[in-house]
Amino acid sequence: MIDIHCHILSGIDDGAKTSRDTLTMLKSAIDEGITVITATPHHNPEFNNESPLILKKVEEVQDLIDAYHLPIQILPGQEVRIYGDLLKDFAQGKLLTVAGTSNYMLIEFPSNHVPEYAKELFYHMQLQGIQPILVHPERNTKIIEHPEILFNFIEQGVLSQITASSITGHFGKKIQKLTFQIIENHLTHFVASDAHNVTSRAFKMKEAFEIIEERYGSDLSQRFKDNAQSVILNKSVYEGSPTRIKKTKFLGVF
């Protein structure tokens, strides 16, 4: 199993604090059945993590893996908060794609809104051969209120990644329900942990995939896993045909 979104690099964002935390997370990931992790620290106004630092920290994690002979692989990546100069900074080598070599980039929205320029920026990213993956849309306040926003992005060719803990209900029943609707309407392409630690923000990948298999069958579960592998190999992913999330009708009123 491949995890394309994880905050396992120590001391540079709100994920692992120390190398001991990183080691604990690595061992937890192995217990979950994860064989490859893409380390994706935040790059946003609070945490300015650019490519050179990330590559250096990934080397440190690789040293840990080698020292303890752990059966897991670490790859570089980044969770980029959307901003106007994204393409300029990418051209200058400040930003990383998933695995550091693919055409896929993890993009995060602010938690409480969707920037108006997002559609245009995604368009220009795609023109330049960068495939945006919108992370955890199920936790964005604006998308929770207006899920058609996500449909419009997926129709545009944007991919999305939901969080394992959203599937398991860690973020509450409302987000869990929307996450299931996103899956059922083919509005997502990946499941990842977005793990920050092994307690309050743990991996939950094994449990999430068990729920997916129980609710939707093994074919869909395998498709999510195959898509994650395709990303790190820089191959095309299965996209499916998105549909709109229907509003629930209650006592004859929408």
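Would you mind telling me the share, in percent, of accessible area of the chain contributed by carbon and sulfur at probe 1.4 angstrom? Show your work: numbers first, answer last.
Working: 5830 of 11870 Å².
That share works out to 49 percent.
Okay, which of region 1-44 sit inside 16 Å, backbone N to the point 7 Å along the Cα-Cβ direction of Gln222?
1-2
Under 20 Å between alpha carbons, and skipping anything fewer than 8 positions from Lys247 in its own chain: which aspartates and glutamates qualify?
In chain and number order, the partners are Glu138, Glu145, Glu148, Glu155, Glu184.
Enumerate the amide H contacts of Glu79 below 5 Å, restricted to partners 5 or more residues apart or on another chain; note that Pro and chain-start residues carry no placed amide H.
Hits under the 5 Å cutoff: His42, His43.
Looking only at the chain, where both bridge partners belong to it, what percent of the DSSP beta bridges are antiparallel (to the nearest 5)? Provide the component values of the computation, followed by the final result.
Numbers: 2 of 25 bridges.
Taking every DSSP beta bridge with both residues in the chain, the antiparallel ones total about 10 percent.
Let me check I've understood the local charge: for Tyr238, count other residues with C-beta under 10 angstrom from its C-beta, Lys and Arg +1, Asp and Glu -1. What total comes out?
On the way: positive: Arg223; negative: Asp226, Glu239.
Local net charge: -1.
Taking amide H positions as placed in the peptide plane 1.01 Å from N, state which residues far from Met105 in sequence (5 or more) or on other chains have amide H under 5 Å from it.
The answer is Val98, Gln131, Ile133.
Where does the charge balance sit around Phe171 when Lys and Arg score +1, Asp and Glu -1, over other residues with C-beta under 13 Å from its C-beta?
Numbers: positive: Arg139, Lys173, Lys174, Lys177, Arg201, Lys204; negative: Glu138, Asp194.
Around Phe171, the charge tally is +4.
Relative contact order for the chain: what percent, with Cα pairs under 8 Å and sequence separation of 6 or more? Each step should come with its number before you reach the end.
Details: 458 pairs, mean separation 47.3, N = 254.
Relative contact order for the chain comes out at 19 percent.
How large is the dipole of region 1-152 about the Cα centre if only Lys and Arg carry +1 and Asp and Glu carry -1, each at its Cβ, rounded to the nearest 20 debye?
Values: 11 positive and 21 negative charges, 32 e Å.
Charge dipole of region 1-152: 160 debye, to the nearest 20.
Please count, across region 74-214, the pairs of lysine residues with Cα atoms under 21 Å apart that sit 8 or more places apart or on different chains.
10
Could you tell me which of rounded, prolate or oblate describes region 127-241, using a ≥ b ≥ c as the square roots of the eigenvalues of the alpha-carbon gyration tensor, with rounded for a/c under 1.5 and, failing that, prolate when a/b is larger than b/c and oblate otherwise? Could you put the intermediate results ahead of the total?
Details: a/c = 1.44, a/b = 1.18, b/c = 1.22.
It comes out rounded by the Cα gyration axes.
Counting heavy atoms of the protein chains only and a 1.4 Å probe, report the per residue accessible area for region 11-157 as a whole number of Å². Walk me through the intermediate numbers first.
Numbers: 6710 Å² over 147 residues.
Ligands and nucleic acids excluded, the result is 46 Å² per residue.
Accessible area per residue, 1.4 Å probe, Å², for region 162-254: what's the number?
Values: 5060 Å² over 93 residues.
Per-residue value: 54 Å².
Per residue of region 64-71, what does 6.51 cos²θ - 1.76 cosθ + 1.60 with θ = phi - 60° give for ³J(HN,Hα)? Whole Hz please, x for Gly and Pro, Karplus curve as stated.
4, 4, 5, 5, 9, 6, 7, x
Determine how large the accessible area of Thr188 is when every protein chain is in place; take a 1.4 Å probe and give Å² rounded to the nearest 10.
10
For Gln62 and Lys247, what is the calculated FRET efficiency with R₀ set at 35 Å and r taken between the beta-carbons, to the nearest 0.05?
Working: r = 48 Å, r/R0 = 1.37.
Given R0 = 35 Å and the Cβ-Cβ separation, E is 0.15.
The values are calculated or read from the model by the stated rules, or taken from the named source; none is laboratory data. Note that this is a predicted model, so its numbers are computed, not measured. Note that each Cβ is placed from the backbone with ideal geometry, even for glycine, and that neighbours are counted across all protein chains shown. These accessible areas exclude ligands, DNA and RNA; they are computed on the full protein's heavy atoms, side chains included. Shrake-Rupley method; radii C 1.70, N 1.55, O 1.52, S 1.80 Å.
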